[in-house]
Amino acid sequence: MAAGLRGGAAAPEIERRTVAKVSWRLLPLIVLIYFVAYMDRTNVGFAAFGLKRDFGFSATLYGWAAGIFFLGYVLFEIPSNVLLERAGARLWIARIMVTWGLVAGSMVLITGPVSFLALRFLLGVAEAGFFPGVILYFTFWFPKRYRARVVAALFLAVPGSNALTAVISGALLQLDGVLGLHGWQWLFLLEAAPSILLAFAVLALMTDRPEQAAWLAAEERRWLRDELAAERAGTLRAHGHLTLKQALTDRRVLALGAIYFTIGTATYGITFFMPPILKSLHLTDWETGVATAVPYVVGTLGMVAWSWSSDRRNERRWHFVIAALVAALGLVASGPLLGSLWALTAMSVATIGLYGSKPAFWAMPGEFLSGPAAAGGIALINVIGNLGGFVGPYVLGWLKDYTGSYEAGLYFLAACALASAAITVVSVRSGRAEADPRDGTGGAFRPAGPSP
């Protein structure tokens, strides 16, 4: 960075103006895209009502189908993210959106267990690479000290989508028989159309790199380019240059993968099964939708507070650990409260922890990964974590069929959240980065143990 910009009085104003422009240009679109992507997680939970009625699907089969999405996702995630880094986020994310929209729309053709499982798997293949691609994309545009808040803005789409989609899905099920379609078919059609339409918005509004941003002033492009270059240089000094191959076997990456797997198992288990759990309170479909929205609204508030605190204190480890413990507490409390509205309160506590953990977690990989290593490393972390998206729903569904209750499954999810906290305490050496005067960044995240 030019000395006058980096050290002069004009630097804070240029930083404020540049980050604000980048945020308003990119974040609303990306959050909206992620919002649409997450509609599936809630839609399929409500579709389970009709699929069970029409095809006799058991909780185990539903859990298997909910989770098999992630098997397709993880198989293609790393190559998808590497291709995004090479081809550019704009074209690749638009491609992802079109393909997942087409497959989501094809879900109306379900005729039984085989077609349900096959289409869920293909939906995961179509969406592969989207989330880690966005996390990687943020490293191209935002300095480290903003990333927990930026990730929190992205994750606002998760509980927000779950809450709004829950209400809409409950209402759409009332369209059963309209135009000869079942209510669950209307759910999948709703999911498909926005993703295809938004692909054109991505092509029009997204920009791959700051150097190409004609919508930034020249001095703003220069400040952002030099700030990010200085951070990358500091990362290389602190951690050395990792190749893609090295990143895929790095202990820090694998530790983060294990942490994300366990918290992801808890998150996806409750996400996919919250509508059926609340339906057991003898609510109507619409009432179930409204009730399901409540924990996600509460979780959103918790996530915003957690991200603000994490960035303000430049601390990641303990923010994640405490959030995971809060999640475990809420899930344990939900078990004996099943069948009463108090379970809704306990699950709201759980969502505070589950969603509050995400911003602090996803600020960690960018502390020591950059370039192709970041593309592969972030994708691998998400691959391992998304295996939890298979394990959580499947085990919860199996335990429901085996025991006749969701209680044992909730305790299993709580144990996963506790394991996530324990792994973080053991494997993450320092939760607060040391300031590095050489590059002006917040320093680096350091899991315990040397990297290979």
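The values are calculated or read from the model by the stated rules, or taken from the named source; none is laboratory data. Note that this is a predicted model, so its numbers are computed, not measured. Cβ: placed from backbone, ideal geometry, glycine included. Neighbour counts: every protein chain shown. The area values use the complete protein model at the heavy-atom level, side chains included, leaving out ligands, DNA and RNA. Shrake-Rupley method; radii C 1.70, N 1.55, O 1.52, S 1.80 Å.
Tabulated results
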| read-out | value |
| --- | --- |
| Residue list for segment 73-101, filter: under 24 Å from TYR268 (Cβ atoms) and either free of Cβ contacts under 8 Å to residues at least 12 places away in the same chain or surrounded by fewer than 17 Cβ atoms within 10 Å (Cβ to Cβ) (or both) | LEU75, PRO79 |
| Residue in segment 372-382 that is open to solvent by 10 Å² or more (accessible area, probe 1.4 Å) and modelled with pLDDT of 75 or more present | yes |
| Leading residue by the ranking (most open to solvent (accessible area, probe 1.4 Å)) among those in segment 52-64 that are touching a residue at least 12 places away in the same chain (Cβ under 8 Å) and either within 25 Å of the chain's Cα centre (by Cα) or farther than 18 Å from LEU396 by Cα (or both) | TRP64 |
| Out of ALA126, ALA171, sole residue that is among the small types (Gly, Ala, Ser), assigned to a helix (DSSP H, G or I), under 30 Å from THR288 (Cα atoms) and open to solvent by 40 Å² or more (accessible area, probe 1.4 Å) | ALA171 |
| Residue among ALA128, ALA118, ALA87, ALA104 that alone is small (Gly, Ala, Ser) and in contact with a Pro (Cβ under 9 Å, 6 or more places away or on another chain) | ALA128 |
| Scope segment 203-220; condition aliphatic (A, V, I, L, M), without any contact (Cβ under 8 Å) to a residue 24 or more places away in the chain and open to solvent by 70 Å² or more (accessible area, probe 1.4 Å); matching residues | ALA204, ALA214 |
| Every pair of residues 6+ apart whose Cβ atoms lie under 8 Å, when the first sits in segment 106-133 and is on the phi > 0 side of the Ramachandran plot while the second is polar (S, T, N, Q) and in a helix (DSSP H, G or I) | GLY129/SER80; GLY129/ASN81 |
| Unmet criterion (only one of (1) modelled with pLDDT under 85; (2) surrounded by fewer than 22 Cβ atoms within 10 Å (Cβ to Cβ)) for ASN162 | (2) |
| Subset tally (residues that are more than 15 Å from CYS416 (Cβ to Cβ), open to solvent by less than 10 Å² (accessible area, probe 1.4 Å) and of a type in the set (A, V, I, L, M, F, W, C)) for segment 295-345 | 2 |
| Count of segment 183-197 residues which are aromatic (Phe, Trp, Tyr) and open to solvent by less than 20 Å² (accessible area, probe 1.4 Å) | 2 |
| Residue within segment 191-201 that is within 23 Å of LYS52 (Cα to Cα) and not in a loop (DSSP other than H, G, I, E, B) present | yes |
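For every residue, the table says whether it meets (1) modelled with pLDDT under 85; (2) surrounded by fewer than 24 Cβ atoms within 10 Å (Cβ to Cβ); (3) on the phi < 0 side of the Ramachandran plot; (4) in contact with a Lys or Arg (Cβ under 9 Å, 6 or more places away or on another chain).
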position: MET347; (1), (2), (3), (4): no, no, yes, no
position: TRP362; (1), (2), (3), (4): yes, no, yes, yes
position: GLY397; (1), (2), (3), (4): yes, no, yes, no
position: SER405; (1), (2), (3), (4): yes, yes, yes, no
position: ALA415; (1), (2), (3), (4): no, yes, yes, no
position: THR424; (1), (2), (3), (4): no, no, yes, yes
position: SER430; (1), (2), (3), (4): yes, yes, yes, yes
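Per-residue answers, yes or no, for (1) open to solvent by less than 10 Å² (accessible area, probe 1.4 Å); (2) touching a residue at least 12 places away in the same chain (Cβ under 8 Å); (3) closer than 17 Å to VAL108 by Cβ; (4) touching a helix residue (DSSP H, G or I) at 6+ places or on another chain (Cβ under 7 Å):
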residue	(1), (2), (3), (4)
SER23	no, yes, no, no
LEU26	yes, yes, no, yes
VAL31	no, yes, no, yes
PHE35	no, yes, no, yes
ALA47	yes, yes, yes, yes
ALA66	yes, yes, no, yes
LEU71	no, yes, no, yes
